[in-house]
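Trainee: Structure below; questions to follow.
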Amino acid sequence: MRRYLYILTVVFVLFFNSLAYSARIKDIAQLQGIDRIHLVGMGLVVGLQGTGDRNVSLAQQMLANMSKNFGITISQNLIKPRNVAVVTVTMDIPSYAKGGDTFDVQVSSNLDATSLQGGILLDTPLVSPITNEEFARAQGSISVGGIDITGKTRSKSPLTVGIVYNGGKIVKSVGGTIDTKQLRFSLRNPDFTTAQRIVEAINGKFENISRAIDSSTVEVTVPEEYQSDVVNFLAQIEVLEIIPDIPARIVINERTGVVVIGKEVRLLPVAIEYNNIKITVVAPQEENAREVTLGDLVQTLNTLGVTPKDTVGIITALKQSGALQGELVFE
């Protein structure tokens with residue numbers, strides 16, 4: 001016997017008020033000019049217990065170059081295979097980083113080392129890949145995730161990637177500054193509606209100082225009384241809350257089976273038949289009732305035991321029929 005399930009929008013009216021979520025401006029936009037700078041370098045990890053690179057010719061050359069700084073000549077025969085590893089060292093720093101500041105650095109094996117556990121990163125210069133200017137140096141003991149105190153692997157974390165906590169030290173200040181008269185915020189997810197809501201929130205706090213340049217940029221004129229205290233001004237703007245406008249979009253990752261549905265993805269009246277199940281989506285019958293969303297439908301399909309694969313098939317068919325009001329993206 002067929003089971004009939006009618007999705008009536010009146011059932012979901014109780015949840016309508018909970019759909020509006022606010023976010024702070026600092027969480028959806030960032031100040032232009034205060035970006036993170038990527039630094040990179042190539043270094044050596046020593047002290048490995050037979051898990052380093054098999055071919056140590058590059059490591060021999062690098063270690064020989066390093067030892068010259070100390071007036072020491074090292075015979076290549078003294079460098080044993082599998083005890084050292086050539087690595088790439090990376091670090092991200094804010095544009096206002098000052099000399100002496102320390103940050104975590106990431107270390108990744110370049111060649112055929114099987115594990116960096118227990119290794120020590122030798123002093124490595126870190127430069128900007130754009131200007132080739134040295135801003136920091138890194139060194140220290142490497143921490144590899146997924147290892148317990150007995151040395152046994154507890155997870156599938158890659159052992160050829162590790163972190164040196166506070167291992168990167170700034171040797172040259174980046175020199176970033178904040179404009180004291182004109183500021184611009186960049187939206188992390190460009191949207192005209194969200195940009196306008198940010199403008200309205202700022203102008204509600206400080207009269208007529210903000211305007212939207214485009215979907216991703218909001219310009220703010222610093223009031224004269226705050227030009228000598230821009231940090232205080234920014235702190236007041238960052239905590240202002242708005243309701244971001246989220247596009248009606250469905251993202252389907254066919255490799256992992258993950259389906260992400262925006263809350264604004266709605267359905268037009270439509271009938272769906274699947275095996276011995278029939279689902280009918282009807283139009284709102286009351287003035288204050290909301291329309292059925294795709295999230296409502298997916299929740300119903302899950303309750304009825306529909307497989308994720310078939311759910312994706314139903315979503316695709318709804319899009320092709322024109323009943324799905326949103327953008328469908330496959331990854």
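Trainee: Can you name the residue in segment 264-298 that is loosely packed, with under 14 Cβ neighbours inside 10 Å and out of contact with any strand residue (DSSP E or B) (no Cβ under 7 Å at 6 or more places or on another chain) and, of all such residues, is nearest to E327 (Cα to Cα)?
Mentor: A283
Trainee: Checking N166 against (1) surrounded by fewer than 16 Cβ atoms within 10 Å (Cβ to Cβ); (2) assigned to a strand (DSSP E or B); (3) outside the structural domain of T102 (by TED's automatic domain parsing), which single condition isn't satisfied?
Mentor: It is condition (3) that N166 fails.
Trainee: Something else about it: So, of the residues in segment 238-263 that are more than 28 Å from S215 (Cα to Cα) and free of Cβ contacts under 8 Å to residues at least 40 places away in the same chain, which turns out to be surrounded by the fewest Cβ atoms within 10 Å (Cβ to Cβ)? I'd like the intermediate steps shown before the answer.
Mentor: Narrowing segment 238-263 to residues more than 28 Å from S215 (Cα to Cα): 254-258.
From the residues that got through so far, the ones that are free of Cβ contacts under 8 Å to residues at least 40 places away in the same chain too are 256, 258.
Numbers: T256: 8, V258: 11.
Looking at residues that are more than 28 Å from S215 (Cα to Cα) and free of Cβ contacts under 8 Å to residues at least 40 places away in the same chain, I get T256.
Trainee: So, one more: Return only the number of the condition from (1) within 30 Å of I120 (Cβ to Cβ); (2) at pLDDT 85 or above that Q60 does not satisfy.
Mentor: (2)
The values are calculated or read from the model by the stated rules, or taken from the named source; none is laboratory data. Predicted model, so just to flag it, every value in this text is computed and none were measured. Using ideal geometry, Cβ is built from the backbone for each residue, glycine included, and neighbour counts are taken over all protein chains shown.
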